Ligand SMILES: Nc1ncnc2c1ncn2[C@@H]1O[C@H](COP(=O)(O)OP(=O)(O)OP(=O)(O)O)[C@@H](O)[C@H]1O
Ligand SMILES: [Mg+2]
């Protein structure tokens, strides 16, 4: 186990390293640069700015300088705002993580419960309703849903103010983010639960005289959750980093929107910073879900 | 004469499927005496497992007992409440299945699953249950029981897992043990060991055994009474001697011709021609008729009644009726 984790961590570091390389060089290959659109800036000012951000140096040297800083925990400062990147990322991640974390939690709990109910009440009205709902929600793109939510709850019903700097309401973005994974987990749990309920060991448990609730919650659910766990890990990473679309519709200053504005502004340090952060998060989540997977399913061996 | 512990009367079980109602068991009757062994033989699909599962009420969701009675010590278990049924399962009557590879839950340790059975039916503490689990593993011949309790099913061989299934089934010393082809999935040497173990445990614990199999060799070795099933019906039942030395149904005769002889003589094996019947569309007459070499006209038309051949030996075959009538005709003339 410890050996496996070490191996995976090493692999993760290599992955992140390769991602920095690819991002750095493709980012520079795209036409335009941080100070190209600055209308008023004179050539002298631009040259001075580029010198300040090391942009006048050859690319490999720039990369080495950046990585050197990174190892000391310095992610540079934004070419747009001049603010410290690490601090910006930390702050915006807090916002994304709160909304994303709630959405992921909601999706997992609701998805597993609804999926199990659908499986246990197969071919009843409840099952059909759940299937209908989950098909519908996987078909609706999140930006449509976000817009609809905004329209109904904020404008039509006026329950929640559209924009509030003081006390931002997080219910709507959480719902908008959670809907798709909820539907997905519902379907995944249902399929997997139906499969497990037909397994011989469930028959064994019944034959032993185990009561039905215990057959379901002890013997079936644990096995049925195995495929769900493999989905939840990456989903968590994806959702925690914030959905750019949902964040911009609800004007949330989360990580997703920072990433998008970073790209449009050619804010090189911001692009690098957010990409590395996302990569680390993704790799960590995958690792965690693999370990949880192993704990739940003892047949999985590490090698 | 010993006491009847289980008396199955005219059992009907069917499954609702998209293709229609599958009538897997159509009027099966037999009884089991305290401490004795009953063998159920028949080819694949003849309803042996469904009969066994009907007794324990562990049919899949689409299956239902549609008629008959199952009397356990005179009480109809089909009238049991779910609560009483749980008390019956595992405590009064246990089952071991064909495939030990899939019959244990892969995500729990052997100890957990074994102790669950013990805790369900006896009032032991956790600690006592663990001791009992160890004791049971020793009883079924599993080495290093302490270590086994901490292992997961995938870490053990098929034979070992079947021993664990047996230990689990016997944890509360049931009155009846149903074994649904307990050795089919195992290799030959292990098969013999498992059967031996079951016989040994039967002597020790004194439970009655229902042995489901399509291996007549197994039956010959283990069983006092035999029922032969075909197409969800019992075509013949009687003592092992009756069935092996005086088969009175064409299907049983075919079955006996199709196996290597019990005493090891080389003989030509004759498989039964034709294909098994379609349970969705049961024939009007005898289910075996289309494959029977000596079928009569009436076999196509009417289901034969079960008739006494000799004391304790019953068969459902028109040929017997014909023979009897001819016999009585001769006697009369
Ligand atoms: N869940 C089910 N749904 C529909 N049909 C079923 C179901 N279970 C069993 N059957 C049908 O019932 C019939 C009898 O099956 P059963 O399992 O009792 O056969 P068997 O005698 O045990 O055969 P085998 O030797 O292969 O185990 C089969 O034809 C099968 O198609
Ligand atoms: Mg069977």
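Every number here is computed from the coordinates shown, using simple stated rules; none is lab data. If you're wondering where the values come from, they're calculated on a predicted model, not measured in any experiment. Reconstructed Cβ throughout: ideal geometry from the backbone, glycine too, with neighbour counts over all protein chains shown.
Numerical summary
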quantity	calculated
Kirkwood Rh and Cα Rg combined as Rg over Rh, evaluated for the protein assembly as shown	1.17
Two-decimal Rg to Rh for region B:169-210 - Kirkwood Rh, Cα set	0.98
All-pairs Cα distance distribution in chain B, expressed in whole percent, bin size 10 Å	5, 24, 32, 24, 11, 3, 1, 0
Net lengthening on full extension, residue B:125/residue B:73 (0.36 nm per residue, minus Cα-Cα)	15.7 nm
Expected-Rg normalisation [2.2 N^0.38 Å, Cα atoms] applied to region A:104-147	1.27
Percent of C-alpha pairs per 10 Å bin, region A:159-274, short to long	12, 28, 23, 17, 13, 7, 1
Cα-Cα separations in region B:1-84 greater than 19 Å, expressed as whole percent	39 percent
Cα-based equivalent ellipsoid of region B:106-173: semi-axis lengths in Å, sorted from largest, via gyration tensor	18, 12, 11
Separation in nanometres of the label points that stand 7 Å from Cα toward Cβ, at residue B:257 and residue A:61	9.8 nm
Cα-only Debye scattering, region B:44-112: base-10 log of I(q)/I(0) at q = 0.18, 0.21 Å⁻¹	-0.84, -1.06
Mean separation of Cα contacts under 8 Å (6+ apart) over length of chain A, as relative contact order %	27 percent
For chain A, diffusion coefficient by Stokes-Einstein and Kirkwood Rh (Cα), 20 °C, 1.002 mPa s, µm²/s	96 µm²/s
Region A:1-89 - Rg and Dmax from Cα coordinates, angstrom	16.6, 59
Long-range tail of P(r) for region A:192-237 (Cα pairs > 15 Å, %)	45 percent
Rule-of-thumb Rg ratio for region A:215-303 [Cα; 2.2 N^0.38 Å; N residues]	1.45
Two-site FRET efficiency, residue A:140 against residue A:11, from Cβ-Cβ distance with R₀ of 35 Å, rounded to 0.05	0.40
At R0 = 45 Å, FRET efficiency that the Cβ-Cβ distance of residue B:192 and residue B:302 yields, to 0.05	0.55
Hydrodynamic radius of region B:1-140 per Kirkwood, over alpha carbon pairs, in Å	17.1 Å
Taking chain B and dividing mean pair separation by its residue count, relative contact order in percent (alpha carbons under 8 Å, at least six apart)	20 percent
Globularity ratio of region A:1-159, using Cα Rg and 2.2 N^0.38 Å	1.61
Semi-axes of the equivalent ellipsoid for region B:122-227, Cα gyration tensor, largest first, Å	25, 17, 10
Separation of the residue A:294 and residue B:3 label points, Cα + 7 Å toward Cβ, nm	5.5 nm
